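Notes for the one structure printed next.
Rule-based calculations on the coordinates, nothing more; no lab input. In this text the structure is predicted, and so the values were computed from the model without any measurement. Backbone-built Cβ (ideal geometry, glycine too); neighbour counts: all protein chains shown.
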Amino acid sequence: MDAEAEALARERGERIRTLRKALGLKIPGLAKTIGCTKQLLSKWEKGEIENYGADAFVRLALELKTTPHHLLWGGKQPSPPPASSNPH
């Protein structure tokens, strides 16, 4: 990884860690829920890996109540969708 890619990976990892901790989630439980190893999730948080399996990354975003785009690129945290007033 070049310096710019390393910086982006670290920022991405920090977003993942911050959201996980804000939701009170632990690495082992979250890793199991999204279908990856705790070692892989830990490496994502440290910015050591840029390779993200699409399925696990989408599940990660859902569990962290955000979007894959926000995890990858940052910016304003998206607002949650409004609660439906039309019960089914």
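Given 0.36 nm per residue, what is the gain on full extension from A22 to V58 after removing their alpha carbon distance, in nm?
On the way: separation 36, 0.36 × 36 = 12.96 nm, distance 1.86 nm.
That pair, A22 and V58, stretches by 11.1 nm at full extension.
For the stretch 3-73, the C-alpha radius of gyration sits at 0.97 times the compact-globule guess of 2.2 N^0.38 Å, with N the residue count.
In a reduced charge model with +1 at each Lys and Arg Cβ and -1 at each Asp and Glu Cβ, the stretch 3-73 shows a dipole moment near 420 debye about its Cα centre. Site pair A7 and K32 shows an inter-label distance of 3.9 nm when each label is modelled 7 Å from Cα along Cα→Cβ. Excluding same-chain neighbours fewer than eight residues apart, the lysines reachable from K38 by a Cα-Cα span under 16 Å are K21, K26, K46. Between the residues V58, G29, A9, the greatest Cα displacement towards the positive end of the dipole of the stretch 3-73, with unit charges on the Cβ of Lys, Arg, Asp and Glu, is found for G29.
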